[in-house]
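Colleague: Just passing along the structure, written as structure tokens.
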Amino acid sequence: MKEYIGILGGGQLAKMLCESAKKIGYKTIVLDCDKDACGGKVATKHYADNYLDEKILKKICDESKVITYEFENIPVETIEYIEKNGNIPQGKRPIYISKNRIREKSEMKKLGIRIAEFVEVENKSHLIKGVRKLGYPLILKTCEEGYDGKGQWKINSIEDVDLIQLEEREYILEKKIDFQKEVSCMVIRGINGEIVTFPIGENIHKNGILNMTIVPARIDKELEEEIKYISKKIVEELNFYGPLGIEFFIKDNEIYFNEMAPRPHNSVHYTMDACNESQFDLHLNSLLGKSLEEPKLLKKVVMLNILGEDKEKVEKIKIDENIKIYLYGKSIWKTGRKMGHINFLGDNLEELIEKAKSF
Ligand code: ADP
Ligand code: MG
């Protein structure tokens, strides 16, 4: 019997997926060439090999009931191999589309979903033309491999344009949206076609990195319903299976799609304590063909990320039944690196926000 769940990528998302798998009686295999990968430490088996090693991929295919991924930069060839030799219900399309900002935004355009105006940029002349077309303020981003605000430049004047040195790669130049709120929605589509959404989270970023997520988001009920509707529409129309974390901006009651990721999302870690089922539970259930129920929020919650620079604060924090702390087991505490998170639970949202802020 195939008793393993295979996970491509071995970071904290893999770790939390492994813990979820264990709860429902599955063993796990993590593939990540980093011997020190924190997901590998909790998996039943950790293959610290290359993503393109066919011998290892074959082994994973043979041993796993289902295979999934926890980050976007898995080589397409790896997934193609698994599609032929194993069971990877999500397939390569969600990664192919979401790992490239122009591709994902072009898909949204086709679906009629609002996005920031953008142009493609490959050289300085494109950039200058783009600036003329869109007008300031702007944000330039690398099309691929950017995360936590890395690979992004604010452009507010011609001096900023002059300072930018472009590499030989694709960029996207976006109009800056003067939003009032940033929110995210986790939508999960099962292989049986059922679609569920988690409560919307309101996200606060610091230096381009997610700092806290406030749930429920402080937005109108109608807006919340519309965000869920758009999220469901995206997975349905794109025919994706599994999880999709989608980030949106809200400006004057209008919803703008920002980006998406076909994996568990940092802003949805609050579900580990505040919902009847977590994003990791439903990620697995969706791919195992289990019936999905719309998750419920049991308590108000603020999720706070713990970064490398927070080590001393973590050592001093006093835990009680309404403060749940998760450390990912990464060995090096580096500034800006995500080391863990804390869920502050309670009934008074403003109090929870204050508690998180004073951490
Ligand atoms: P990353 O992959 O690094 O998370 P994002 O596209 O989400 O990249 O950008 C990081 C943050 O930068 C966003 O959460 C938002 O705060 C800000 N940002 C990105 N694009 C825009 C935009 N077009 N207008 C305004 N703010 C933006
Ligand atoms: Mg983002």
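The values are calculated or read from the model by the stated rules, or taken from the named source; none is laboratory data. All values reported here derive from a predicted model rather than from experimental measurement. Using ideal geometry, Cβ is built from the backbone for each residue, glycine included, and neighbour counts are taken over all protein chains shown. Each accessible area value is taken on the protein alone, full model and side chains, heavy atoms only, with ligands, DNA and RNA left out. Shrake-Rupley method; radii C 1.70, N 1.55, O 1.52, S 1.80 Å.
Colleague: Step through the residues of the stretch 273-287 one at a time and calculate ³J(HN,Hα) from phi using the Karplus curve (6.51 cos²θ - 1.76 cosθ + 1.60, θ = phi - 60°), rounding each to whole Hz and writing x for Gly and Pro.
Modeller: Values, residue by residue: 10, 9, 10, 5, 9, 8, 4, 6, 4, 6, 4, 5, 4, 5, 8 Hz.
Colleague: If I take R0 = 30 Å and measure r between the Cβ atoms of H205 and E77 in this structure, what FRET efficiency does the formula 1/(1 + (r/R0)^6) give, to the nearest 0.05?
Modeller: 0.35
Colleague: Going from most exposed to least, what order do Y4, Y147, Y326 have by accessible area with a 1.4 Å probe?
Modeller: Y147, Y326, Y4
Colleague: Here's something else I'd like to know. Divide by every residue of the chain the summed helix terms, -39500 (n - 2.57) for each DSSP H run of at least 4, and state the resulting mean residue ellipticity at 222 nm, rounded to the nearest 500 deg cm²/dmol.
Modeller: -9000 deg cm²/dmol
Colleague: I've got another one for you. Pop the C-beta distance of D36 and L163 into the FRET formula with R0 = 35 Å and round what comes out to the nearest 0.05.
Modeller: In this case the efficiency is close to 0.45.
Colleague: Please give the net charge around P264, taking every other residue with its beta carbon less than 11 angstrom from that of P264, where Lys and Arg add +1 and Asp and Glu add -1.
Modeller: In short, 0.
Colleague: Tell me the volume per residue, in Å³, of the convex hull enclosing the alpha carbons of the stretch 1-82.
Modeller: Roughly 73 Å³ of hull volume per residue.
Colleague: What number results when the radius of gyration of the chain, computed over Cα atoms, is divided by 2.2 N^0.38 Å?
Modeller: Rounded to two decimals, the normalised Rg is 0.99.
Colleague: Using the Kirkwood radius over Cα pairs, work out the Stokes-Einstein diffusion coefficient for the stretch 185-302 at 37 °C and 0.692 mPa s, in µm²/s as a whole number.
Modeller: 230
Colleague: Carbon-plus-sulfur fraction of the accessible area of the chain, 1.4 Å probe, in percent?
Modeller: For the chain, the apolar C and S fraction of the accessible surface comes to 47 percent.
Colleague: Please report the Cα spread of the stretch 223-359 along all three principal axes, rounded to whole Å, starting with the longest.
Modeller: The principal-axis extents, from largest down, are 47, 37, 29 Å.
Colleague: Per the Kirkwood definition applied to all pairs of different Cα atoms, how many angstroms is the hydrodynamic radius of the stretch 118-237?
Modeller: The Cα-based Kirkwood calculation yields 16.7 Å.
Colleague: Which far-off residues, 5 or more places away or on another chain, put their amide H under 5 Å from the one on N87, with H placed in the peptide plane?
Modeller: Long-range HN contacts for N87: I67.
Colleague: So, one more: Take the residue pairs K129/K175; K150/K299; K65/K92; K228/K324 and return only those whose Cα atoms are more than 24 Å apart.
Modeller: Listed pairs above 24 Å: K150/K299; K228/K324.
Colleague: Here is a follow-up. Report ³J(HN,Hα) in whole Hz for each residue of the stretch 224-231, in order, from the Karplus equation J = 6.51 cos²θ - 1.76 cosθ + 1.60 where θ = phi - 60°; Gly and Pro get x.
Modeller: Once rounded to whole Hz, the list reads 4, 5, 5, 5, 5, 4, 5, 4.
Colleague: Here's a follow-up. What's the FRET efficiency of E225 with R103 using the Cβ-Cβ distance as r and R₀ = 25 Å, to the nearest 0.05?
Modeller: It comes to 0.35.
Colleague: What ³J(HN,Hα) values, in whole Hz, does the Karplus curve 6.51 cos²θ - 1.76 cosθ + 1.60 give for the stretch 63-79 when θ = phi - 60°, with x put for Gly and Pro?
Modeller: 8, 9, 5, 8, 10, 9, 10, 10, 8, 7, 8, 6, x, 4, 4, 4, 5
Colleague: Could you work out how much longer the chain between K299 and S358 gets when fully extended? Use 0.36 nm per residue separation minus the Cα distance between them, nm to one decimal.
Modeller: 19.2 nm
Colleague: If you count only protein heavy atoms with a 1.4 Å probe, what accessible area per residue comes out for the chain, rounded to a whole Å²?
Modeller: It amounts to 46 Å² per residue over the chain.
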